Amino acid sequence: MLETIATKYMWSTAAEIAGSFAAGRASAVTVIEATIARIRERDPLLNSFTAVTERRALLRAQALDDARAAGRPLGPLAGVPFAVKNLFDIEALPTLAGSKINRDHPPATRDAALIERLEAAGAILVGALNMGEYAYDFTGENIHDGPSHNPHDLERMTGGSSGGSGAAVAGGLVPFALGSDTNGSIRVPSSLCGVFGLKPTYGRLSRARTFPFVASLDHVGPLARTARDLTLAYDAMQGHDADDPVCANRAIEPVAALLDRGAEGLRIAVAGGYFKCHDAETLAAVDRVAAALGANRDIDLPQAERARAAAFVITACESASLHLDRLRARARDYDPAVRDRLLAGAMAPAALAVKAQKFRRWYRHEVLKLFGDVDAILAPATPCTAPLIGQQMINVGDVEMPVRANLGLYTQPISFIGLPVVVVPVPLQPLPIGVQIITAPWREDVALRLAHALERKGVAAAPRPPL
Amino acid sequence: MKKRSMKRSKKRKATSKQNTIQVKRGGKRSTSRARRTPAKTPTDFLDPLIAASAQALGLAVDPGWHGSIKFNLGLILRLGALVDNFSIPDDTEPGPVFHA
């Protein structure tokens, strides 16, 4: 590929950009100018950005160049561009959360907590990313902004709801991005777009100043093209935040220095039963990862199907409660597919939602027992590779099922109890697909180590799309 | 726990069988009047629920949305039944923890 301003640093990792900047081989302004040029040139194909914060990014880059020239200390992500799903508050912009309605909101007066933390580490925000309306989505489609497009095949879905995050990272626009994950919204686009994604333990990363979806299940986290970049972003965002009542008061547990420890000594099993997918590509991906990690035993997550059902019920009821006022005032301004699910959720008996929350406690207790015998569990991330945009049904083995509800089939029973998960991309042809590495609460380090080990073995990789 | 769940599950099965019989009986009755009124589907009980809920919550539901709301409500209830028919001890705390 002929190098132009737009392709400069296109496939550089965050670690490489930060290294070049720290060593004086690259200026932050040059990196940001290249990133903005790339977004302008290539995003019309991907439709991943809904706002580009060019002026802010260039000012920030100049400040970093000045800081380096003055010999001031630089953060571990100094000079690295990143973008965020448009449910994160960005000062001076309304927080869309993928909706038409929120366009009438006043601009945010302060950045989301995680943007502040990443910028404190030297990273530079370049914009906001497309997403499914109010995060109630697994497809990456949005009737207001148009669908985000999968860089590996522009006719195909990115997965959602963090579809713009998946497309921007897989398409080389930014080395990493932030998404949110309530039922699978980081892991599904990571799988379909072929990038690494981390859904941390519930309560690990602050959700302060993000637009909520289902408070009981909402997580936020990064997507990146390497496990190391995922780790660098994750480490920079850790730490208690009193502005998010769910954020745990735990010491920061950095992982970057542990990444090279590999899989040695770790006990790894493959999720059986409910998670045994009959799709050939999904099976092949799990088998490859299991073989590379020496995982030769199956383990059953008890009542996983019920866990998914309970997550579904809680999602329906809590999200409906969040949107009641808007449903009364502006029901016609919603995507009909989102509106009708929210209305149905408002009409569902509250007793079921409370029972689902009680089942959540039971299920967590039972699943945590499994981690006495294993350190990590492997499971498919999605039941298939990326479907076509607009596709309504998918075939999984011999079973035909609706796309919209079932892309999260394997992610919902995990986020339901807040377990940390890293999705690793397996570069199958013609389309990649992800595998979940699930660990005990607060053991993101184990999942990230395994992801890095798989990358070094060549089993996991974010494939470069033919753009 | 497993034994209790199974016992409860059997009980539920019995209940749902009774429900099925009632529906079938109702179905027979409506078949005999089929020329006057169309046969009711098993989810027709959702129609008054949707109307009453919309009224109680002050939600204006366009008639064109009714079919989709009904489908989604039916799905929630079907999946909710899967949760409901699992026995959980009374003293189980719900998932979220509130710290005062």
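Here A:257, A:233 are screened, and the one residue that is at pLDDT 95 or above, over 18 Å from residue A:410 (Cα atoms) and surrounded by fewer than 22 Cβ atoms within 10 Å (Cβ to Cβ) is A:257. The residues of the range A:156-197 that are over 25 Å from residue A:311 (Cβ atoms) and either free of Cβ contacts under 8 Å to residues at least 12 places away in the same chain or touching a His at 6+ places or on another chain (Cβ under 8 Å) (or both), listed by number, are A:156, A:167, A:170, A:194. Within the range B:43-77, the set of residues being loosely packed, with under 14 Cβ neighbours inside 10 Å and either within 7 Å of chain A (Cβ to nearest Cβ) or closer than 17 Å to residue A:357 by Cα (or both) comprises B:58, B:60. Summed over the range A:66-85, the residues that are surrounded by fewer than 18 Cβ atoms within 10 Å (Cβ to Cβ) and more than 31 Å from the chain's Cα centre (by Cα) give a count of 6. Residue under question is residue A:206, and the condition is that it be within 26 Å of residue A:99 (Cα to Cα), within 20 Å of the chain's Cα centre (by Cα), crowded, with 20+ Cβ neighbours inside 10 Å and within 14 Å of another protein chain (Cβ to nearest Cβ); does it hold? Answer is no for this residue. A search for C-beta distances below 6 Å between a residue of the range A:360-384 that is touching a residue at least 24 places away in the same chain (Cβ under 8 Å) and any residue that is assigned to a helix (DSSP H, G or I) and surrounded by fewer than 22 Cβ atoms within 10 Å (Cβ to Cβ), counting only pairs 6+ apart in sequence or on different chains, returns A:378/A:290.
Looking at this structure, is residue A:367 assigned to a helix (DSSP H, G or I), more than 9 Å from every other protein chain (Cβ to nearest Cβ) and of a type outside the set (Gly, Ala, Ser)?
Answer is yes for this residue.
Restricting the range B:78-95 to residues that are loosely packed, with under 14 Cβ neighbours inside 10 Å and of a type outside the set (Lys, Arg) leaves a set whose member that is modelled with the lowest pLDDT is B:93.
With respect to residue A:275, determine if the residue is within 13 Å of another protein chain (Cβ to nearest Cβ) and among the aromatic types (Phe, Trp, Tyr). Spelling it out, it is not the case that residue A:275 is within 13 Å of another protein chain (Cβ to nearest Cβ) and among the aromatic types (Phe, Trp, Tyr).
Just one of the listed residues (A:351, A:331, A:310) is surrounded by fewer than 23 Cβ atoms within 10 Å (Cβ to Cβ), in contact with a Lys or Arg (Cβ under 7 Å, 6 or more places away or on another chain) and within 11 Å of another protein chain (Cβ to nearest Cβ), and it is A:331.
Among the residues of the range B:78-88, what is the count of those that are at the interface with another protein chain (Cβ under 8 Å from one of its Cβ atoms) and either in a loop (DSSP other than H, G, I, E, B) or closer than 12 Å to residue A:347 by Cα (or both)? Count: 2.
Pairing residues of the range A:77-92 that are under 20 Å from residue A:62 (Cα atoms) with residues that are part of a loop (DSSP other than H, G, I, E, B) and among the basic types (Lys, Arg), at Cβ distances under 8 Å and at least 6 apart in sequence or on separate chains, gives A:91/A:110. The strands (runs of 3 or more DSSP E) falling completely within the range A:377-467 that include 3 or more residues that are crowded, with 18+ Cβ neighbours inside 10 Å map to A:421-426, A:433-439.
Residue selection: residue A:422 satisfies the criterion of being within 29 Å of residue A:263 (Cα to Cα) and either within 13 Å of another protein chain (Cβ to nearest Cβ) or in contact with a strand residue (DSSP E or B) (Cβ under 9 Å, 6 or more places away or on another chain) (or both).
The values are calculated or read from the model by the stated rules, or taken from the named source; none is laboratory data. Here the structure is a predicted model, which means the values were calculated and not measured. Neighbour counts run over all protein chains shown; Cβ positions are idealised from the backbone, glycine included.
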